[in-house]
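The values are calculated or read from the model by the stated rules, or taken from the named source; none is laboratory data. In this text the structure is predicted, and so the values were computed from the model without any measurement. Using ideal geometry, Cβ is built from the backbone for each residue, glycine included, and neighbour counts are taken over all protein chains shown. The accessibility values were calculated without ligands, DNA or RNA, using every heavy atom of the protein model including side chains. Shrake-Rupley method; radii C 1.70, N 1.55, O 1.52, S 1.80 Å.
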Amino acid sequence: MELLVASAIGILTAGGLYLTLRLRTFPVILGISLLTYAVNVFLFTSGRLAIGAAPILRDGVSTYTDPLPQALVLTAIVISFGMSAVVVMIALGAFLGADDDHVDDLPDAETDSDQKGDEA
Amino acid sequence: MSLFILVALPFLGALLPGLMNSAGRSATAGVTFTVSLTAFVGLLTNLPTILEGEVVMARVDWMPLMGLNFTLMLDGLGFFFALLILGIGLLIIAYARHYLGRDDNMGQFFTYLLLFQGAMVGIVLSDNILLLIIFWELTSLSSFLLIGYWKHLPEGRQGARMALAVTAMGGLAMIAGMLILGQIVGSYDLSEILQHRDLIQADPLYVPALVLILLGCFTKSAQFPFHFWLPHAMAAPTPVSAYLHSATMVKAGIFLMARMWPVLSGTPEWFVIVTSAGLTTMVLGAVIALFKHDLKALLAFSTVSHLGLITMLLGTGTAFGAMAAVFHILNHATFKAALFMSAGIVDHAAHTRDIRRLGGLSRLMPVTFLIATLAALSMAGIPLLNGFLSKEMMLEESGRTVLFGTPWLVPALATFGSLFSAAYSFRLIGHVFLGPKRDDYPATPHDPGAGLWLPPAILVALVVLIGVAPFVVEPFVKLVTASLLGAAGVVPEAHIKIWHGLVPALFLSLIAVFGGLILLSVFKPALRLWDSTPRPEAKAIYDAIVAAAEGLARAIILPLHNGAFTRYAAIGAVTIFAAGYHAWITGTLDAPTRTMQPAGAVPIAGWLMLLGATAGMVLLHRNRLLSLILIGIVGLMVSIGFVFFSAPDLAMTQFTVEVVTIILMLLALNFLPNRTPVESSVLRRVRDAGIAVAGGVATFGLSYHFMLRDAVSTPISEFHLANSYKGGGGTNVVNVILVDFRGFDTYGEIIVLGIAALLIYALTETLLRGPVRARLLNRKPDQPRAGDTHPMMMVVLTRVLLPIVLMVGFYIFLRGHNDPGGGFIAGLIVSIAVVMQYMASGFGWTSARLRYPYHGVIGAGVLTAGLTGIGSWFVGKPFLTSDFTYVRIPPFKEFELATAMLFDLGVFLAVVGAVMLSLESFSRLARLASEVDDDHPMDIDPSREEDDADGLTSTARAGV
């Protein structure tokens, strides 16, 4: 079981890294989302894996899984929604403003007009 | 007056001039003057204590563990400087009122000036050296603002930058020196440090500390080779030059040398560095000053020269030298500030400061002539004026100082410098005021109103008073000297008087004065000689150094930071991987302590789906809609994994967030291209795959080894499990952690979420106002639209569902404390219910029925959570302490009421508000982009009686 979860984290990381290194905003955002899953799952596993031991106190039950990583990951999930929404908005604004969804802003690109404004 | 108020007063007062700006120039200046006057009077209330030789202390612990405390100390030396700062400040404020023109923003000027005044008072009153550094940097900043006050002048901006670069660099060095000093003594309090002369001077780090601190002092006080910034700072308005760059700020370095004198001075290192730097500066400044044609530049270099003189006196390390330094600080402040103000008057009246275009002003401006002449004669060292007294003390001291084993070196150079000093003083009088009247002044010179000449006149009155009756100030000078010397010296017996008999110093004085007269008589050939001598230009050297540093920075940064996000991402990933790899090969790994759990068919199936979806995303990411669907599968698998591994709360959160995120991405994808084109080369894709695989293998290895071993120490969640019910009154430990144990964390988190949503809202607003608006309006959909944008089936379904979903949300919220659920999840569920209304019935219909703006909902949530936390203050508990009780309302079972539930309500509202505000912002963009959007929720509604034309157009448009 541990092997499955660990490899899932590895797969998500690899996929996320590859997509993050793409040149357009949309795949980069998806890549960051994959990395977010990977990080959240990794944090979650710091409480170690347990089946059928949810941290809901019940009479006669004495073993529970670690609740703290769960609480931390819960807020992390919600915050990462906020962050992806901001990133998506920025990407959208950039695309609508410049009609270009490249993530790289290379100074030597021919279409780049920023250079002229630089000296002013 | 309390020292805290004394320091705080100018800072607080700095708020006022800006507010008074619209009330007129006199009101603005009047308020500033009143603030300064209050501080001045407050300082004087401490005079009786100071005269008794006592020290006023005030202390508040700020960060005691770091040794940074808000400790203030007022002794004789601090009082003396504070008196100069506040006293001359008053005169400057009055002068500036009349000096600044109608176009100058007076509120801004006086705000800067008061900031500076506060910072300066802070320096001289600080007892803690870290606190002193803070004030020190504040003076550099306010000086920067004041030099660049005339923003339209390029010289002003360049001068401000140069001054900031030089003094801030020195300030950095000084911080290092002060930290070393604090480490040696074990305390950052000056009163403590000043007791440990022997300890400090015996320490091997004494020399580095000394050099670093002196770097700070020399840059601030414009000592060679850092003198060049001061003349360039003269681009500032004249009141600033008079105040900061002659009377006060440039003396901060000297103040610090005087402050540290008891512990740092008296060693050969101190003597050689300080004395030679001072002597060089004094001679160099005096020589350059003589040949400057700009009146303010002449005065600037003369200030450099006099600062050198004072530094040299402090460098000798004798008590008499210290007393002469104190006395000359006082005298220089009086005559130099008066001279700067006179220069400002001349500039104001004749519209030029070029000495070559002036001359013969004595009959046109008799009052200014009198003031400037008395001040200049004092600078030249003419008897019956105060400059003579301290200059003679300096010459006397120089006669006893032996530098580099050569007895004649110091007196000869000191006399040489004094000779040039006399010469430029005479030149100032002779070439500006004396001589024939000219008829080619740029403007007709005339004496100004009393507002401009009275401030310098008061200073000149002091010049004469001290010069004629030195015994008046002698007790005060000795008091200050005693406080400067501390335990390290005894105040000399010698009296300050005009006639000492035929002592060597008198002859040196005579040589200087008459030599100066002779030099001025041969000024023209001397100037030709000076102009033909090649000499290094300090500004050119400075510019070259700055350019070289900039080039170096560019060479290092540009390859790394070239604007390519992918490059940063790759560098970051590889660096983290390398660090992890290093840890892996150098660290050790214990044997596993946990056994691997068996995996059944269901987990393997889930794993395969996750693998397939991720692989599909990587391979098919060019089809954006497809990859969005695939990432939905990944999210679902993660949610199911959470359920499987005993985390129901997480699963519910992940699941609902997933829905919201996909809706958001779809809204964005509506505008973005549907496909990602092929751009990167195969080589590059192989490289990226390499990085990705390396990162994946690394995280796999890390988490695999991690999961098979127990935690090194007992997790703190033992405490949470044990106290969740007893202390928090809930059986869902995750929820109790969120709203109770780590409630403060959650509080911060909902604020961040709210800020993110507001940021999205602000970005949308900006986009909708800019050129994007027009582009959106003209946008043609790139794909055929659906025939019915708001299908009746969906509208009916979502409306029926709405109350049910709200009920579920309410239920999830209520049960959260004891079962999986809570504010976060309930908030997301309710958001989804509302979003469905937007999707089904359209933006116009939904937003017309919206009763509360989402910003308000976010605010209400954060406020509710915050007020719940504050509520615990009223029962004397810390912020966010929770309480609970069980109540029974007859028809129901007994149930629990907890304050944590109120807090959770805040979380709920903040989440709803934030999610809705983000999604709504996106849909506002969509609405603008010629999307079909009626006020009617359904395209076809049998119960509606509409006029045909309207219905026709909307269907017709929808069909495009």
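For the reader, a short list of remarks on this structure follows.
- Some residue of region B:801-820 being part of a helix (DSSP H, G or I), within 47 Å of the chain's Cα centre (by Cα) and β-branched (Val, Ile, Thr): yes
- Check on B:Ser921, assigned to a helix (DSSP H, G or I), under 26 Å from B:Asn818 (Cα atoms) and open to solvent by less than 50 Å² (accessible area, probe 1.4 Å): no
- Verdict on B:Leu776 being out of contact with any Gly (no Cβ under 9 Å at 6 or more places or on another chain), at the interface with another protein chain (Cβ under 10 Å from one of its Cβ atoms) and in a helix (DSSP H, G or I): yes
- Among residues of region A:59-90, those that are open to solvent by 10 Å² or more (accessible area, probe 1.4 Å) and touching a residue at least 24 places away in the same chain (Cβ under 8 Å), counted: 6
- Residue in region B:401-408 that is farther than 25 Å from B:Phe320 by Cα, open to solvent by 20 Å² or more (accessible area, probe 1.4 Å) and out of contact with any Gly (no Cβ under 9 Å at 6 or more places or on another chain) present: no
- Test: residue in region B:737-750 that is in contact (Cβ under 8 Å) with a residue 12 or more places away in the chain, within 10 Å of another protein chain (Cβ to nearest Cβ) and either surrounded by fewer than 20 Cβ atoms within 10 Å (Cβ to Cβ) or part of a loop (DSSP other than H, G, I, E, B) (or both): no
- From the list B:Gly690, B:Gly616, the one residue that fits, being surrounded by fewer than 18 Cβ atoms within 10 Å (Cβ to Cβ), assigned to a helix (DSSP H, G or I) and more than 7 Å from every other protein chain (Cβ to nearest Cβ), is B:Gly690.
- The single condition from (1) within 7 Å of another protein chain (Cβ to nearest Cβ); (2) not in a loop (DSSP other than H, G, I, E, B) that B:Glu679 fails is (2).
- Listed by position, the helices (runs of 4 or more DSSP H) enclosed by region B:467-584 that each have at least 2 residues that are open to solvent by 60 Å² or more (accessible area, probe 1.4 Å) and within 14 Å of chain A (Cβ to nearest Cβ) are B:538-560.
- Tallying residues that are farther than 19 Å from B:Leu630 by Cβ and either in a loop (DSSP other than H, G, I, E, B) or open to solvent by 50 Å² or more (accessible area, probe 1.4 Å) (or both) within region B:597-613 yields 7.
- Some residue of region B:362-373 being outside any helix (DSSP H, G or I) and open to solvent by less than 40 Å² (accessible area, probe 1.4 Å): yes
- Of the residues examined, A:Thr45 is not one that is more than 7 Å from chain B (Cβ to nearest Cβ), crowded, with 19+ Cβ neighbours inside 10 Å and modelled with pLDDT of 90 or more.
- Filtered residues of region B:431-461 (kept if within 16 Å of B:Thr373 (Cβ to Cβ) and open to solvent by 20 Å² or more (accessible area, probe 1.4 Å)): B:His431, B:Leu434, B:Gly435, B:Asp447, B:Trp453, B:Ala457, B:Ala461
- Screening A:Ile11, A:Ile56 for residues that are under 26 Å from B:Trp607 (Cα atoms), within 7 Å of chain B (Cβ to nearest Cβ), among the aliphatic types (A, V, I, L, M) and open to solvent by 10 Å² or more (accessible area, probe 1.4 Å) leaves exactly one candidate, A:Ile11.
- Residue within region B:186-206 that is open to solvent by less than 30 Å² (accessible area, probe 1.4 Å), part of a helix (DSSP H, G or I) and small (Gly, Ala, Ser) present: no
- Number of the exception - B:Leu777 against (1) surrounded by 11 or more Cβ atoms within 10 Å (Cβ to Cβ); (2) in contact (Cβ under 8 Å) with a residue 24 or more places away in the chain: (1)
- Just one of the listed residues (B:Val796, B:Val887, B:Val835, B:Val857) is open to solvent by less than 50 Å² (accessible area, probe 1.4 Å) and without any contact (Cβ under 8 Å) to a residue 12 or more places away in the chain, namely B:Val887.
- Selection of region B:892-904 for residues being at pLDDT 75 or above and surrounded by fewer than 20 Cβ atoms within 10 Å (Cβ to Cβ) yields B:Leu897, B:Leu902.
- Residues of region B:745-800 that are over 30 Å from the mean Cα position of the chain (by Cα) and hydroxyl-bearing (Ser, Thr, Tyr): B:Thr789, B:Thr798.
- Per-region count, region B:441-464, residues out of contact with any helix residue (DSSP H, G or I) (no Cβ under 7 Å at 6 or more places or on another chain) and outside any helix (DSSP H, G or I): 1
- In the set (1) within 9 Å of another protein chain (Cβ to nearest Cβ); (2) among the aliphatic types (A, V, I, L, M); (3) over 23 Å from A:Ala71 (Cα atoms); (4) open to solvent by 20 Å² or more (accessible area, probe 1.4 Å), B:Ile662 fails one condition alone, (1).
- Residue count for region B:1-40, restricted to those that are open to solvent by 10 Å² or more (accessible area, probe 1.4 Å), touching a helix residue (DSSP H, G or I) at 6+ places or on another chain (Cβ under 9 Å) and farther than 26 Å from B:Asp103 by Cβ: 10.
- Hey, A:Thr25 among the hydroxyl-bearing types (Ser, Thr, Tyr), more than 7 Å from chain B (Cβ to nearest Cβ) and open to solvent by less than 30 Å² (accessible area, probe 1.4 Å) or not: yes
- Residue ID - most open to solvent (accessible area, probe 1.4 Å), chosen from residues in region B:645-657 that are in a helix (DSSP H, G or I) and facing chain A (nearest Cβ under 7 Å): B:Pro648
- Every test in (1) at the interface with chain A (Cβ under 7 Å from one of its Cβ atoms); (2) open to solvent by 60 Å² or more (accessible area, probe 1.4 Å); (3) among the acidic types (Asp, Glu) is passed by B:Asp710 save one, and that test is (1).
- Test: residue in region A:74-93 that is on the phi > 0 side of the Ramachandran plot, of a type outside the set (Lys, Arg) and more than 7 Å from chain B (Cβ to nearest Cβ): no
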